[in-house]
Amino acid sequence: MADGTLLFHLSDIHFGLEDNRALDWVVRQIAARQPDAVAITGDLTMRARHHEFSAAERWIHALNVPVTVEPGNHDLPNYYLPSRYLNPLGRFEAFREVVEKRIKLPGIALIPLNTNVSAQPRINWSKGWVTDKALVDCLRQIDALPKNTQAIVTVHHPLREVGTQGTALTKNGGKALEALAKRRVLAVLSGHVHDAFDIMEDTPHGPVRMIGAGTLSHRLRSTPPSFNELHWDGERLGVEVRNLDGIDTSDMMIDDVPEDAMPPRSASDPVAPVGKVPRVDPPKQ
């Protein structure tokens, strides 16, 4: 622990609409820095197409560092419902060993919590849902850790129960946060909203730190492509937002969690200080 532990937190790569310049830069950073682990918090693909998963598999297997991948809503088949219901993660088959993988490091462990479901009783299926089964499995893994080990929980959707527009962002997210607040949890890492953040979410059992990573795709919101560098020295978890433009971390972070990854279009939408909001909405193909 003399030099601490270095983690790279990536999210929303969206193979199919990936930013290859940003991805090549990340690969160089991983090769040069050799992080102890890389956590990818969902939306590897744009439309869960086979060729997108093939590209993701080649990229991940070439990294040569421990990787854990949390599925995102874009990684579930949208248009072929039998696959979505019967085998929602089937297209991860070529690299299934890294999906929801638990990684133990000195003093910390990366623990997965799946926030995706195959169907929801609401129109917008892109939002998160923490099932009782997923939460119990996550808590069981945390409770099994040695007493001197703290958890970093990896999810795709931020565990915010109510977003800025007053609708549920992640169903049962508040319930999950309350349960995590009772345990040795350093932070919850997420993606989905395409801007970075580092906020404390209050619960009746104490605060929980929520850390979000930006995107490495062309689907930008209010910041350029980026990833998070996490530094753990045994006592403190530091976060640095890395981006090709060299923008300071504080200028890359939003101070609230938006409803989705769409660029801000109203005065109430959270915007990072850098304010690089696209003139048009991001590509959706």
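The values are calculated or read from the model by the stated rules, or taken from the named source; none is laboratory data. As the structure is a prediction and not an experimental result, all values here were calculated from the model. Using ideal geometry, Cβ is built from the backbone for each residue, glycine included, and neighbour counts are taken over all protein chains shown. For accessibility, only protein heavy atoms count, side chains too; no ligands or nucleic acids. Shrake-Rupley method; radii C 1.70, N 1.55, O 1.52, S 1.80 Å.
Give me the net charge of residue 156's neighbourhood, meaning all other residues with Cβ under 14 Å from the Cβ of residue 156; Lys, Arg count +1, Asp, Glu -1.
Net charge in that neighbourhood comes out at -3.
With each pseudo-label sitting 7 Å past Cα toward Cβ, what's the residue 78-residue 3 distance in nm, one decimal?
Going from the residue 78 label point to the residue 3 one covers 4.3 nm.
Evaluate the Debye formula for region 178-274 with equal point scatterers sitting on the alpha carbons, no solvent, and hand back log10 of I(q)/I(0) at q = 0.10, 0.13, 0.22 Å⁻¹, in q order, two decimals.
-0.28, -0.46, -1.12
Please give the calculated 222 nm ellipticity per residue for the chain, where each DSSP H segment of at least 4 residues contributes -39500 (n - 2.57) and the sum is spread over every residue; nearest 500 deg cm²/dmol?
Calculated mean residue ellipticity at 222 nm is -6000 deg cm²/dmol.
I'd like the distance between the alpha-carbon centres of region 254-285 and region 1-72, rounded to an integer number of Å.
Using only Cα atoms, the two centres lie 23 Å from each other.
Could you work out the relative contact order of the chain? I mean the mean sequence separation of Cα pairs under 8 Å and 6+ apart, divided by the number of residues, in percent.
19 percent.
Tell me the relative contact order for region 93-235 as a rounded percent, counting alpha carbon contacts under 8 Å between residues six or more apart.
Computed value for region 93-235: 18 percent relative contact order.
Could you report the chain's accessible area per residue, 1.4 Å probe, as an integer in Å²?
42 Å²
Provide the net charge surrounding residue 202, with neighbours chosen by a C-beta distance below 13 Å and charges set as Lys +1, Arg +1, Asp -1, Glu -1.
Local net charge: -1.
Excluding same-chain pairs closer than 8 in sequence, count the lysine pairs in the chain whose Cα atoms lie under 18 Å apart.
8
How much length is gained on full extension from residue 58 to residue 122, taking 0.36 nm per residue of separation minus their Cα-Cα distance?
Answer, rounded to one decimal: 19.5 nm.
For the chain, what D do you get in µm² per second when you plug the Kirkwood radius from alpha-carbon pairs into Stokes-Einstein at 20 °C and 1.002 mPa s?
It diffuses with D of about 115 µm²/s by this estimate.
What's the local net charge at residue 55, with K and R +1, D and E -1, over the other residues with C-beta under 14 Å away?
Spelling it out: positives minus negatives among the neighbours equals -3.
For residue 148 and residue 233, what does the FRET efficiency come to when R0 = 25 Å and r is the distance between their Cβ atoms, rounded to the nearest 0.05?
0.95
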